[in-house]
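The values are calculated or read from the model by the stated rules, or taken from the named source; none is laboratory data. Note that the structure is predicted; figures quoted are calculated from it, not measured. Here the Cβ is made from the backbone with ideal geometry for all residues, glycine too, and neighbour counts use every protein chain on show. The protein model used for the area step is the full one, side chains on, heavy atoms only, and it has no ligands, DNA or RNA in it. Shrake-Rupley method; radii C 1.70, N 1.55, O 1.52, S 1.80 Å.
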Amino acid sequence: MGRYEIRLSGAGGQGMILAGIILAEAGVMVDNLNISQSQSYGPESRGGASRAEVVFDEEQIDFPKVIKPDLLVCLTQESFDQYGADLKSYGVIIADSGIDISEVKPEFKDNIYQLNILDLAAKEIGNEISANMIVLGIIARIIQTRIPVEFIKKAIIEKVPPKTVDLNIEAFELGFDLKLDKRSYVYGRI
């Protein structure tokens, strides 16, 4: 499998750090998989830039931070502008549809899934903060051969407040079932 790096970026309050923690917790459940999780956020707890990084590898992780992501999530224009050019050549970008991706490097144009993540969270789940669980569902679909989906669901159940488990699992499943057409703006399901 080799080293695999994920960067989740957005604004404070969008839950990208929690999503990173959940992803790392799920990875710990996989036998013979080493995990590193880190996070960074601005001085503002809401609205400022935030980033979570998860690295996993069957070998020992000698550097715990993302060097060049295999998978990059951007929920804000600021995060896309800052990290959109920092991707492995075969890497994947998941970006909210409200982000202008016209300045993306030509070599990454075919590596973008652009989806209505924030709008879908607000309209389908009833709360834009559920976008992080939709993102986890999308990621789970992409990496399911590396970290089983049931481990991610178990980590969600362990990490979110008990009263919100059903809503979070619903948002996760919504993300998992999204049709992943590259450069797509669709709400479609598989």
Quiz item: So which residues in the range 22-43 are out of contact with any Pro (no Cβ under 9 Å at 6 or more places or on another chain) and either open to solvent by 60 Å² or more (accessible area, probe 1.4 Å) or among the polar types (S, T, N, Q) (or both)?
Solution: E25, V28, D31, N32, N34, Q39, S40, Y41, P43
Exercise. Please work out if V66 is touching a residue at least 12 places away in the same chain (Cβ under 8 Å) and within 15 Å of R7 (Cα to Cα).
Key: yes
Quiz item: Going by the conditions given, is V54 under 24 Å from K154 (Cβ atoms), assigned to a strand (DSSP E or B) and not aromatic (F, W, Y)?
Solution: yes
Quiz item: Among the numbered criteria (1) open to solvent by 50 Å² or more (accessible area, probe 1.4 Å); (2) assigned to a strand (DSSP E or B); (3) in contact with a Cys (Cβ under 9 Å, 6 or more places away or on another chain); (4) not small (G, A, S), which single criterion is violated by I93?
Solution: (1)
Exercise. Would you point out which residue out of I67, I17 is in a helix (DSSP H, G or I), open to solvent by 10 Å² or more (accessible area, probe 1.4 Å) and modelled with pLDDT under 95?
Key: I17
Practice problem: Just name the residue that is surrounded by the most Cβ atoms within 10 Å (Cβ to Cβ) out of those in the range 132-157 that are closer than 20 Å to L115 by Cβ and at pLDDT below 95. | Solution: I143
Quiz prompt | Among (1) open to solvent by 10 Å² or more (accessible area, probe 1.4 Å); (2) touching an Asp or Glu at 6+ places or on another chain (Cβ under 8 Å), the one test that E107 misses | solution = (2)
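Scan the range 119-131 for residues that are buried (at least 21 other Cβ atoms within 10 Å of the Cβ) and hydrophobic (A, V, I, L, M, F, W, C) and jot them down.
L120, A121, A131 - these are the residues of the range 119-131 that are buried (at least 21 other Cβ atoms within 10 Å of the Cβ) and hydrophobic (A, V, I, L, M, F, W, C).
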